[in-house]
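**Student:** Pasting in a structure now, in structure tokens, and then I'll have a few things to ask.
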Amino acid sequence: MIDEPKKENAECSSQRLNYIHSLSEGGIDKIKFSINEIKQVMEIHEKIESYLADNKSMSITFSMVKNYSRIGRFSFFVKYARESRNLGHKILNYCSALETLFSTDNTEISHKIGERIAYFLSKEFTKLDTYKIIKKAYTVRSKLTHGANIDNKLIEELPDISKEIDTILRTIMNKIITDEKLISVFESNNQLLNNYFNELLFAE
């Protein structure tokens with residue numbers, strides 16, 4: 001698919017089979033959407049794409065440059081996860097997406113991210129459940145990145161882990177992109193973002 005050439009920040013994408021998105025729990029299936037659901041998707045998609053274009057953080061730009069949007073990097077990893085048919089790779093990229101927004105240093109990463117997201121989404125999900133599923137996702141990620149085996153019990157849980165993490169990612173994006181204050185917070189430097197999380201966790 002190719003955008004109108006005169007369009008600012010025009011993009012070109014391939015329709016090859018290896019770029020077809022798969023379900024969060026794996027596989028491909030037919031899904032029906034209502035007109036209202038499609039309109040909601042179009043609205044949030046427009047908000048995200050317009051924001052990324054305004055901040056020069058579209059997919060055609062190298063995402064590792066200093067001023068690239070955190071939200072843009074988040075979107076990049078989510079897209080890459082949805083293109084993967086391998087559930088382990090999906091979860092790995094989902095974890096990378098979470099890190100772009102919720103990590104401010106390299107210590108106790110899985111614990112900090114699980115805790116921060118649990119509190120950030122405390123109105124949407126039970127904190128303990130959120131923390132546990134993120135810790136499980138990071139167990140999968142660690143095994144995969146270190147070339148280790150995964151026991152059969154955890155393998156059986158991969159579809160559920162991936163689906164739940166995908167739901168968390170969607171909720172995070174919808175919550176941030178519709179709130180200018182949160183956009184500002186998550187696009188700030190590590191120190192300011194760290195202060196925000198400390199206030200979130202230790203607020204009276």
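The values are calculated or read from the model by the stated rules, or taken from the named source; none is laboratory data. Since the model is a prediction, treat every value here as computed from it, not as a measurement. Don't worry about glycine lacking a Cβ; one is built from the backbone with ideal geometry, like all the others, and counts go over all protein chains shown. Note: accessible area is taken over every heavy atom of the protein model, side chains too, but ligands, DNA and RNA are not part of it. Shrake-Rupley method; radii C 1.70, N 1.55, O 1.52, S 1.80 Å.
**Student:** Among Ser122, Ser96, Ser84, Ser110, which is the only one that is surrounded by 17 or more Cβ atoms within 10 Å (Cβ to Cβ), over 16 Å from Tyr138 (Cα atoms) and of a type in the set (Ser, Thr, Tyr)? If you could, list the steps in order and put the result at the bottom.
**Tutor:** Numbers: Ser122 fails: surrounded by 17 or more Cβ atoms within 10 Å (Cβ to Cβ); Ser96 fails: over 16 Å from Tyr138 (Cα atoms); Ser110 fails: over 16 Å from Tyr138 (Cα atoms).
None of the others qualify; the one that does is Ser84.
**Student:** Something else: Those residues that are open to solvent by 90 Å² or more (accessible area, probe 1.4 Å) and outside any helix (DSSP H, G or I), I need them from the stretch 146-159; list them, please. Spell out how you get there, then give the answer.
**Tutor:** From the stretch 146-159, those open to solvent by 90 Å² or more (accessible area, probe 1.4 Å) are 146, 149, 151-153, 156; that's our starting set.
Selection gives His146, Asn149, Asp151.
**Student:** Continuing with the same structure: Which one of these is of a type in the set (Lys, Arg) and outside any helix (DSSP H, G or I): Lys90, Lys112, Lys123, Lys136?
**Tutor:** Sole residue among the options that is of a type in the set (Lys, Arg) and outside any helix (DSSP H, G or I): Lys123.
**Student:** Filter the stretch 160-204 down to the residues that are assigned to a helix (DSSP H, G or I), aliphatic (A, V, I, L, M) and free of Cβ contacts under 8 Å to residues at least 24 places away in the same chain and list them by number.
**Tutor:** Here is the first cut: in the stretch 160-204, the residues assigned to a helix (DSSP H, G or I) are 160-177, 180-186, 190-202.
In the following step, the residues that additionally are aliphatic (A, V, I, L, M) were identified as 161, 165, 168-169, 172-173, 176-177, 182-183, 185, 192-193, 200-201.
If the condition is that a residue be assigned to a helix (DSSP H, G or I), aliphatic (A, V, I, L, M) and free of Cβ contacts under 8 Å to residues at least 24 places away in the same chain, then Leu182, Val185, Leu192 are the ones that fit.
**Student:** Kindly indicate the residue of the stretch 53-81 that is within 15 Å of Ser96 (Cα to Cα) and at pLDDT below 80 and also surrounded by the fewest Cβ atoms within 10 Å (Cβ to Cβ) among those meeting that condition.
**Tutor:** Met64
**Student:** Can you pull out the residues in the stretch 17-44 that are modelled with pLDDT of 85 or more, open to solvent by 100 Å² or more (accessible area, probe 1.4 Å) and not in a loop (DSSP other than H, G, I, E, B)?
**Tutor:** Answer for the stretch 17-44, where residues must be modelled with pLDDT of 85 or more, open to solvent by 100 Å² or more (accessible area, probe 1.4 Å) and not in a loop (DSSP other than H, G, I, E, B): Ile35, Asn36, Lys39, Gln40, Met42, Glu43.
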